[in-house]
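Written out below as structure tokens is the structure these notes cover.
The values are calculated or read from the model by the stated rules, or taken from the named source; none is laboratory data. This is a predicted model, so every value here is computed, not measured. Virtual Cβ from ideal backbone geometry, glycine too; neighbours counted across all protein chains shown. When the accessible area is computed, the model is the full protein with side chains, heavy atoms only, and any ligands, DNA or RNA have been set aside. Shrake-Rupley method; radii C 1.70, N 1.55, O 1.52, S 1.80 Å.
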Amino acid sequence: MNALRFLTIGNDMTDLIEMEGIGKTFAGIVALNDARLSIRPGEVHAIIGQNGAGKSTLIKILTGVYRRSAGDVRMNGAPLAISTPREAQDAGIATIYQELSLVPLRSVTENVVMGYEPRTRFGLIDWTAAHARTREILARFGVDIDVTRQLGSYSTAVQQLVAIARAVSLDAKLVIMDEATSSLDDQEIETLFAVINTLKATGVAVLYISHFLDELYRICDRVTIMRDGQTVNTHRVAETTKLGLVSEMLGRDASEIQAAGLTALSGGHGEPGEVLLEATEIRSKTGLRGASFTLRRREIVGLGGLLGSGRTEAARAVFGLDPLTGGTVRLSNGAPLDTPAAAIAMGIGFLTEDRKADGIIPDMSVRENITLAMLPRLKRLGAVDRERERKLVQHYIDALQIKTAGMEQPIRELSGGNQQKVLLARWLALEPEILILDEPTRGVDVGAKFEIQSIIRKQVADGLSVLLISSEFEELVEGADRIVVLQDGRSVTELHNPGVTESALIGAMAHHADAPDTKRSPL
Amino acid sequence: ETPPLEQKDRYKVGFAQMESNNPWRIAETKSFHDTAKTCNWDLIATDAAGSAAKQVADVDSMIAQGIDVLFLPPREEKPLIPAVMKAKAAGIPTFLVDRSVDPNVAKPGEHFVAFLGSDFIDQGERAADWLIANFEGDKGVIVELEGTTGSSPANDRKKGFDDQIATDDRFEIVASQTGDFARDMGRQVMETLLQAHPEVNVVYAHNDEMAIGAIQALELAGRKPGEDVTIVSIDGTRDALQAIIDGKMGVTVESSPFFGPLACEVMQKYAAGEEIPGWVQVKDRVFTVDNAADHIDEAY
Amino acid sequence: MSDTFSIDLRRYLRGGGHSFGVWVALVVVIVFGLMRYENFGGAYNISSFLNYNAMFIVIAVGMCFVILTGGVDLSVGSVAAFTSVVAAYLSPFGIQVALPGAVLAGLAIGGINALFVVALRIPPFIATLATMLGAKGGALVISGAQTIAIDWGSNFTKLGMEKAFDLLPWSIFITAAVVIALWIVLERTSIGRTVLAVGGGEDAAGMMGLHVNRAKVFVYILSGGCAGLAGVFLASGFGAGQPLEGIGWELSAIASVVVGGTLLTGGVGSVGATVAGALLLGLVFNILNFENGRGVISLSAYWQMVIRGGFLFAVILLQSQLSRQPKGPQG
Amino acid sequence: MTRTLTSFCARFDPARHGAPLALVVILLFNLMVTPYFLQPQTLFVNISQVATIAIVAMGMTLVIATGGIDLSVGAVMALAGALAPLIFLSNFAAAHPTLGLVAAIVVPILLALCCGVFNGVLVSLLGVQPIVATLIFFISGRGLAQVLTNGNLQTFTHPSFSYLGTGRVLGLPFQGWLVLAIGAVLTWIVARSVFGRQLLAVGGNERAARLAGIPVHRVKIGAYVICSGLAGLAGLIVVAINSASDAARIGNLMELDAIAAAVVGGTLLQGGRAPIFGALLGAVIIQLVKYTLLANGVADEVALIAKAGIIIAAVYLQQARKE
Ligand SMILES: Nc1ncnc2c1ncn2[C@@H]1O[C@H](COP(=O)(O)OP(=O)(O)OP(=O)(O)O)[C@@H](O)[C@H]1O
Ligand SMILES: Nc1ncnc2c1ncn2[C@@H]1O[C@H](COP(=O)(O)OP(=O)(O)OP(=O)(O)O)[C@@H](O)[C@H]1O
Ligand SMILES: [Mg+2]
Ligand SMILES: [Mg+2]
């Protein structure tokens, strides 16, 4: 029966990889249930699906990180028995995982060549050759950095590029990229696409997972759609429409989606109130060199800038995480902001860009994760008021439609997008005056993204002020009332909505650099 | 054959103590410090914290500092032989104090001058002798509280006692467990053994600290130490003598820690060229209810 | 991430890395000793100091590997005691049998640790705590709770008591060879780098396709072997197989490794700095003994403990000031 | 019959049921093998002996929950235990007996709390790794205690102070009740209090906890302080039972017993979990193992090996749950 559906696509070559009837259960939770995937040599194949659809799990089964509960995997027609990532690599499958899987404490070189180090005559590692090779590989991505330094000292973007460089350098038959572009800027994405095209030309297949549908149309040949642990369909990309893909992904009618629109954010409509927060010429050891901006009530202020321009640093400084070496951050009531606790007490929330490292407490339940920041307020005689806690948590699970087996499920078992919603709930539960959102929709599927954005919009209408950092121009341009553009840790200009266009923003950000000519949008 | 010692006003004397974790060792070290004043010593005292290897290293560092004479209570019979050999090679006469080294390898008069001290096996035997002579019942059910597992006083005190008590078939040792020479461990072990062997009526402890712990355990369990359970021990500490006076304990065989004065005397004789016997034996007394009160003031 | 960035830059500029502090402290302590005490720098003291500390250096280096993977090996002291007994029993057959025999015994116990940690997935702290108890019990059982005499007639005692090339005891040369070999293993072989990567992030290393389990098995066996060698030194240089030795050795080895700037969470560290750490901690004992000899203050044993703790405190403070170690996991 | 058995097996979760199961096995073994096991006196003996391990293990559990470890507990016990007799044997206490007694309990515990602050500050503010930070007191704490007493054994007769160790309430040893009380309070703290939640969060992900406004340093210091304070109390109990204080011996190797008890009870060394009741259970298991081996005349060296095997078995059972 399943085979029938595939007949329509036309199966004229032997597949490089064939996965059939894959099932996977985690401690009773079904993550995959009859998932299928076929990849042909030299094609770029995309997988799309909502958060928690099972994309990452499917890949991890292919690469031996997880063991499947059911199903078959074949490579070039022969059964493939892989139980460790190493075996996958040896079989010609190189992977860039969604959660960066590199070793930040070790040097860039080690992260690239580990396991395949060049040797001297005596069988010892030849570091000179290794560094040279690493530089050369990275150069293909336009990255020129000191490869002997710890990987962890570079930005997420650089780390992402290193991961890609490593995978590409492994002479693989299949390169898997699980949301590889989520922290790259447009120029870097261009480079990546060029590399993917080269790979394709040499007969290497690429499996590409992304929430950005535009990217699919630019580089992918076929697309597999997953929903609730199942493979829904596989199409040639050229034969699909975005709307069609989305409706299959969400399992909803195309017309219904069309009616709802694309972004839920819209800036420049409300009439902002008084100034709540004012950062003047702030400087820090982390790279701020004089950034200024203000935030008023009921306003969304965007922080724009290229990667490394200091947006995250500005947010951290405001939140009291990094000490200032100059300048001031003032609240309307003049209270000092020197620790996160003080900031929270003053009604500021901060949704971080690094969910895994700075956001979730993996072993704690959804409930405990949601109420983490508001514990002092739930305190009654030193204890947590469980009654109130439960009500509150249930409210946010419902309101944000968090997909969880229950409020007691450990958060680590949730998919990335749902974890993000939990974190958002953590801050919303505080009913903050100011919310700093650093890449609030990174790695979040279209449906969830839409939901998150509408929640934010609604809160703003109710009086919330938002400092929004996003690498998605569309999100910034449509969402922010004003955009403060940062460059090298300084604020260089400010754009006002309505009227901001993407090209204006790009122009302002680039300033001296070349303006990237692509735009990113999920739909 | 041992290195000679020239006669001087002041000597640089090394004393390499093995550990300081019990009152006996502390009293011994103090005795050497006190003697240093009266005997014109510049004393270097080290502490090996219970490690034989460190004790050898301590001796090494004393040799490096150029001591004239070495007093060494060897923690273990065999491991301290290198220390004795090294001192001899460096021309330093060595006196072993309170424990000796393996006589098959290092000999008095040849590798070291003499051993000053008593005999642990003998101490165990004398404890057994007293018990055999003074036990009044028909059947002696004995619990033995051993010292630190593997340490030479524990091994020797066990051997001396066990061999001697085996000659009298009124006695049976029903349990023998380590109490680590400590009061708290002695008490806990006794509490447990008392549960498993309620018929016990004799306790032999390898030192007084464990004996006191055993007395506490007996009392907590509602037994009457001294009346329905006879306690036999070794050391002669103040607490033990008090227990004897109070009628809770039968006997403790003395094992005196006050070696300082003897060390001074023997060393001066050696420097004067007198012949020193290979074993300068210390006469250990036996404290019972007859003499405990007379000696309690000199106990430590 | 940005805070790691600034910290790392500082470290990078210094060039000395995490281990900067230990070298400074080592030099300071040696200069202090040389200036204050006669004969401190004499051949006899240097030779006997190194001979005694050879045991701790090999153990610390083995421990360094284990800690680099983010684990710990509490069994080293007991294992050394155990293998010293084995070596003593084998000593009549000469060093050519006793040395490999005892090291093999150490490797075997290391293998048990590896089995517990890798196959049974028991946390290293607990697994090696159990082996520590087990090895101690085993040493007492096979020795009948006695120290075991070595054969003074065979060439076994040469190792710890005779000088090679008329210079220093053999044990020191062997230690130097082991240290250099392990330094090369860590810096220049793929198993060594895998060890570092595993400590830096076990899951990530696994996903990179590195042989995580192989690296872990390797470090526990290696540490067991190092402890085995230390046991040989103990028997040969200190006259007997000693089932009661080795108490607290694991903690001083850990301290040496950490004083050498290795992160206990794994991933960063070096063999050289570990050796420096072990020497530094050993020097404290040596200096205390010399201080006693000056007779100005005769330090009681308790004060010595207090001073050692205080010294460790000082070095740790120095270390944390010079190379502010990032706390916790890094993003 | 088989149905109930299989359904039991299916519901068996080693993480939660491993320790109780081990306890049942040991108890059954004792009932069959150990002479005179089923007697009230056995209970008294075990309660009085387990109390110190249990108290320290519960404190240790809190520290381990933050991802730390405290090697200094034995030394802190020695410090507190050495100080107490110094106080109630002093002239001051002779003049004011009641005040002296109170001071002899309060001051040593305060001192222990200070040790906890020291450990906590090193670990949190200075970022020193817990094993090393607490190693400092592990080495020097006992030395300090001996300096205080000049290495001497202090013996005394002081019935009111000894009540801590030898008193009975409702027929059971006083320190047993103390353990229950402390256990109840700590269980409440972990399960219900804000501090407890923060503690687990810090152990679960320190960076995230900091970002959520949790006073990470204060929470960590708090854990070390509680642990040290409990160790101090345990030190007093040891001294009270023995009517003697030997700084060299009090709490010797306690850190290992306490850690083993915590882990056998289901604490994860990487932090984020604090099963107080588990620690209590772990302590009881360790105590019973000790008792069993002793009462059956197993030689010390063999007992060591048996203990090693039991620790591995107990912890393995708990690890087995994860996929
Ligand atoms: N280790 C795990 N334990 C339990 N459940 C898990 C685990 N990993 C994944 N799951 C569950 O499996 C399902 C699929 O997750 P997966 O990470 O594959 O989703 P995804 O499609 O990659 O989503 P995203 O777009 O958010 O990355 C989710 O419901 C998730 O909660
Ligand atoms: N290519 C690079 N090479 C070296 N350092 C970089 C590079 N990119 C960024 N950095 C540094 O890394 C730090 C973190 O940069 P990061 O990319 O997080 O900044 P950002 O403006 O918050 O961007 P984003 O939020 O989009 O990730 C900054 O201090 C920056 O100077
Ligand atoms: Mg995913
Ligand atoms: Mg950022």
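Please list log₁₀ I(q)/I(0) at q = 0.07, 0.09, 0.12 Å⁻¹ for segment A:3-260, using the Debye equation with identical point scatterers on the alpha-carbon positions. Log-scaled intensity ratios, in q order: -0.25, -0.41, -0.73. The contact between chain D and chain B removes approximately 2400 Å² from the accessible area (both sides summed; 1.4 Å probe; ligands, DNA and RNA excluded). At q = 0.10, 0.13 Å⁻¹ the log10 of I(q)/I(0) for chain A amounts to -0.84, -1.39, computed by Debye summation with a single uniform scatterer per C-alpha, solvent ignored.
When the trypsin sites (Lys or Arg not before Pro) in segment B:102-186 are filtered for DSSP coil states and for at most 10 other beta-carbon atoms within 10 Å of their beta-carbon, no site remains. Between segment C:136-179 and segment D:111-161, the C-alpha centres lie 37 angstrom from each other. When D and C come together, around 3900 square angstrom of accessible surface is lost from both chains combined, probe 1.4 Å. Would you work out if the protein assembly as shown is rounded, prolate or oblate? Take a ≥ b ≥ c from the square roots of the eigenvalues of the alpha-carbon gyration tensor; rounded if a/c is under 1.5, else prolate when a/b is larger than b/c, oblate otherwise. It comes out prolate by the Cα gyration axes. Overall, the anisotropy analysis places segment B:169-246 in the rounded class: the square-rooted eigenvalues a ≥ b ≥ c of its C-alpha gyration tensor yield a/c less than 1.5. The angle separating the long axis of helix B:52-64 from the principal Cα axis of greatest extent in chain B is about 20 degrees. Using a Förster radius of 51 Å, what is the FRET efficiency between C:Arg294 and D:Ser160 based on their Cβ-Cβ separation? Nearest 0.05, please. With a Förster radius of 51 Å, E is 0.60.
Over segment B:1-140, accessible surface divided per residue gives 32 Å², non-protein components excluded, 1.4 Å probe. Evaluated over the Cα positions of segment D:50-252, the convex hull gives a direction-averaged projected area, one quarter of its surface, of 11.4 nm². Take the Cα of A:Ala201, step 7 Å toward its Cβ, do the same at A:Ala139, and the gap between the two points is 1.8 nm. Pairs from the table (B:Lys54/B:Lys269; B:Lys159/B:Lys224; B:Lys158/B:Lys283) lying more than 23 angstrom apart at Cα are B:Lys54/B:Lys269; B:Lys159/B:Lys224.
Compute for chains C and B the buried accessible surface, both sides summed, probe 1.4 Å, and express it in Å² to the nearest 100.
For C against B, buried area totals roughly 2600 Å².
Taking GluC sites (Glu not before Pro) as exposed when DSSP calls them loop and at most 16 other C-beta atoms lie within 10 angstrom, chain B has its longest site-free stretch at B:7-109. With only the Cα atoms considered, segment A:354-431 has a convex hull volume of 85 Å³ per residue. With the Cα gyration tensor of segment D:35-121 giving a ≥ b ≥ c as the square roots of its eigenvalues, does the rule (a/c under 1.5 for rounded; else a/b larger than b/c for prolate; else oblate) give rounded, prolate or oblate? Since a/c reaches 1.5 but b/c is at least a/b, the shape of segment D:35-121 is classed as oblate. Distance between the pseudo-spin-label points of A:Glu281 and B:Asn134 (7 Å out from Cα toward the beta carbon): 9.2 nm. A loss of 40 Å² or more of accessible area (1.4 Å probe, protein heavy atoms, ligands and nucleic acids excluded) relative to the isolated chain is seen in these residues of segment A:318-332: A:Leu321. Measuring nothing but protein heavy atoms, the accessible surface of segment B:143-222 at 1.4 Å probe radius is 47 percent carbon and sulfur. Distant-in-sequence amide contacts of D:Arg168, defined by a placed amide H-H separation under 5 Å and a gap of 5 or more residues or a different chain, comprise D:Phe174. Proximity of backbone amide H atoms, modeled 1.01 Å from N, is registered between A:Leu276 and A:Leu295, A:Arg296, A:Arg297 at under 5 Å, excluding neighbours fewer than 5 places apart on the same chain.
Per atom type, segment A:3-260 shows carbon and sulfur on 50% of its accessible surface, probed at 1.4 Å.
For A:Leu435, the residues 5 or more places off, or on other chains, whose built amide H falls under 5 Å of its own are A:Gly349, A:Ser465, A:Val466, A:Leu467. For segment D:137-154, 3J(HN,Hα) computed residue by residue from phi via the Karplus equation (6.51, -1.76, 1.60; θ = phi - 60°) reads 6, 4, 6, 9, x, 5, x, 4, 4, 6, 4, 3, 9, 6, x, 7, 6, 10 Hz, glycine and proline entered as x. Annotation: per residue accessible area for segment A:354-431 equals 41 Å², rounded to a whole number [probe 1.4 Å, protein chains only]. Surface analysis of chain C yields an accessible area of 33 Å² per residue, using protein heavy atoms and a 1.4 Å probe. In segment C:111-132, the residues whose accessible area drops by at least 40 square angstrom when the other protein chains are added to the isolated chain are C:Leu120, C:Arg121, C:Ile122, C:Pro123, C:Phe125, C:Ile126, C:Leu129, C:Ala130; the probe is 1.4 Å and only protein heavy atoms count.
Find how much the distance from A:Ala335 to A:Leu381 grows on full extension, using 0.36 nm per residue of separation minus their present alpha carbon separation; answer in nm with one decimal.
On the way: separation 46, 0.36 × 46 = 16.56 nm, distance 2.70 nm.
The A:Ala335-A:Leu381 span can extend by a further 13.9 nm.
Using the Cα centre of chain C as origin and beta-carbon charges of +1 (Lys, Arg) and -1 (Asp, Glu), tell me which of C:Ile126, C:Ile191, C:Tyr220 is placed farthest towards the positive end of the dipole. Towards the positive end, the residue furthest out is C:Ile191.
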